[in-house]
1. Kindly establish whether residue 69 is touching a Leu at 6+ places or on another chain (Cβ under 7 Å), assigned by TED's automatic domain parsing to the domain that holds residue 20, at pLDDT 95 or above and under 24 Å from residue 147 (Cα atoms).
2. Residue 2 is checked against (1) at pLDDT 95 or above; (2) surrounded by fewer than 24 Cβ atoms within 10 Å (Cβ to Cβ) and fails just one. What number does that condition carry?
3. Specify the residue that is surrounded by the fewest Cβ atoms within 10 Å (Cβ to Cβ); the eligible residues are those in segment 15-24 that are aliphatic (A, V, I, L, M) and part of a loop (DSSP other than H, G, I, E, B).
4. Restricting attention to segment 280-295, which residues are in a loop (DSSP other than H, G, I, E, B), within 13 Å of residue 142 (Cα to Cα) and of a type outside the set (A, V, I, L, M, F, W, C)?
5. Can we say residue 113 is out of contact with any Gly (no Cβ under 6 Å at 6 or more places or on another chain), of a type in the set (Val, Ile, Thr), within 24 Å of residue 165 (Cβ to Cβ) and modelled with pLDDT of 95 or more?
6. Mind listing whichever residues of segment 231-269 are part of a loop (DSSP other than H, G, I, E, B) and touching a Gly at 6+ places or on another chain (Cβ under 7 Å)?
7. Please go through segment 88-147 and give me each residue that is acidic (Asp, Glu) and either free of Cβ contacts under 8 Å to residues at least 24 places away in the same chain or over 16 Å from residue 69 (Cβ atoms) (or both), ordered by number.
8. Could you please let me know if residue 294 is surrounded by fewer than 21 Cβ atoms within 10 Å (Cβ to Cβ), outside the structural domain of residue 216 (by TED's automatic domain parsing), at pLDDT 95 or above and of a type in the set (Lys, Arg)?
Amino acid sequence: MFKTEVTRRLNIEYPIILGGMVWICMHELCAAVSEAGGLGVLAGGSMTADELKGEIESVREKTKKPFGINIPLLRPDAEDLIDISIEGGAAAVITSAGNPKRFTKKIKDAGLVVLHVSPNVTLAKKAEDAGVDIIVAEGFEAGGHNGFDEIGTMALIPQVVDNVSIPVVAAGGIADSRGFAAAFALGAGGVQMGTRFVATHEARAHKNFKDAILGVTDTGTIVTARTLGPTRCIKNPLAEKILAAEKGGAGVEELYELIGEGRSRKAAVDGDIVEGTVYCGQIGGLISELKSVKTVIDDIIKNSRKTFNLDP
């Protein structure tokens with residue numbers, strides 16, 4: 001065990017949470033993270049209600065340990081997904097992209113823990129006021145959708161910790177024991193990781209997607225759509241087209257048409273890493289090998305204890 005307030009509230013062995021990555025966080029990866037001692041998470045944001053029911057059933061067949069559901073609140077069916085999460089026996093709901101106040105009481109009254117993803121101090125404080133149990137403070141290094149303020153993890157975490165009284169989980173740019181230990185040094189009580197878990201055997205991502213992450217360098221990611229909603233991904237022809245359009249003064253409609261629908265699915269599921277969006281955090285350059293989920297988590301905990309004498 002590795003006891004922190006985060007592990008106590010979530011009833012997990014290690015304070016490591018799977019980031020809710022669309023198209024990738026399905027039952028295989030979710031269950032593997034939970035079985036290895038962390039909090040596995042299903043990406044409710046890329047599922048229909050019926051698909052989420054099926055994935056929850058599959059998780060429960062693979063593990064008896066706690067797991068969570070990530071639900072972007074901008075989804076028009078967010079409440080339906082929350083109801084399914086409660087009925088399905090999830091231990092936690094991780095909300096993002098919206099005001100958690102609408103649903104926090106309902107989720108907590110059902111006995112689930114509520115986490116909310118926040119990119120800055122102001123939104124973290126609002127989430128605490130809304131009654132959430134844990135803040136996931138996500139720095140701009142993270143892959144996928146990011147905050148407009150572009151605050152890095154190193155600067156964000158201690159400021160959030162100093163301004164809220166509930167536990168904080170650090171996210172963005174964490175993939176090994178060094179990042180894990182650094183999060184605790186900054187005052188966090190746990191970490192959330194996405195990109196590192198994509199590069200695992202259990203992740204339901206296309207081989208091309210995983211290979212792209214294994215081959216990326218420290219300068220291999222870029223942020224597109226800063227005016228619409230910043231998104232970090234691997235540099236590829238699609239991302240370069242979007243950047244060129246932005247620099248050329250393209251309007252909102254033109255950008256939406258270029259970004260298109262289903263670009264992340266095209267990369268993660270279909271393996272099109274030329275015309276698809278390959279979400280990846282800046283830490284991707286550190287990842288050079290596919291591993292099992294258990295190996296990833298065991299190595300982080302073992303090396304944190306050995307190298308940094310970290311064991312709260």
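The values are calculated or read from the model by the stated rules, or taken from the named source; none is laboratory data. The structure displayed is predicted, hence computed values, not measured ones. All Cβ positions, glycine included, derive from the backbone under ideal geometry; neighbour counts span all protein chains shown.
1. Taking the combined requirement at face value, the residue satisfies it.
2. Unmet condition: (1).
3. At the first step, the residues of segment 15-24 found to be aliphatic (A, V, I, L, M) are 16-18, 21-22, 24.
If we keep only those that are part of a loop (DSSP other than H, G, I, E, B) too, we end up with 21-22, 24.
On the way: 21: 26, 22: 19, 24: 26.
My answer is 22.
4. Step one: filter segment 280-295 for residues in a loop (DSSP other than H, G, I, E, B), giving 280-281, 287-290, 292.
Imposing the further condition that a residue be within 13 Å of residue 142 (Cα to Cα) reduces the set to 280-281.
Within segment 280-295, 281 is the sole residue that qualifies.
5. yes
6. 235
7. Of segment 88-147, the ones acidic (Asp, Glu) are 109, 128-129, 133, 138, 141.
Listed by number, the residues that qualify are 109, 128, 129, 138, 141.
8. Details: surrounded by fewer than 21 Cβ atoms within 10 Å (Cβ to Cβ): yes; outside the structural domain of residue 216 (by TED's automatic domain parsing): yes; at pLDDT 95 or above: yes; of a type in the set (Lys, Arg): yes.
Criteria met by residue 294.
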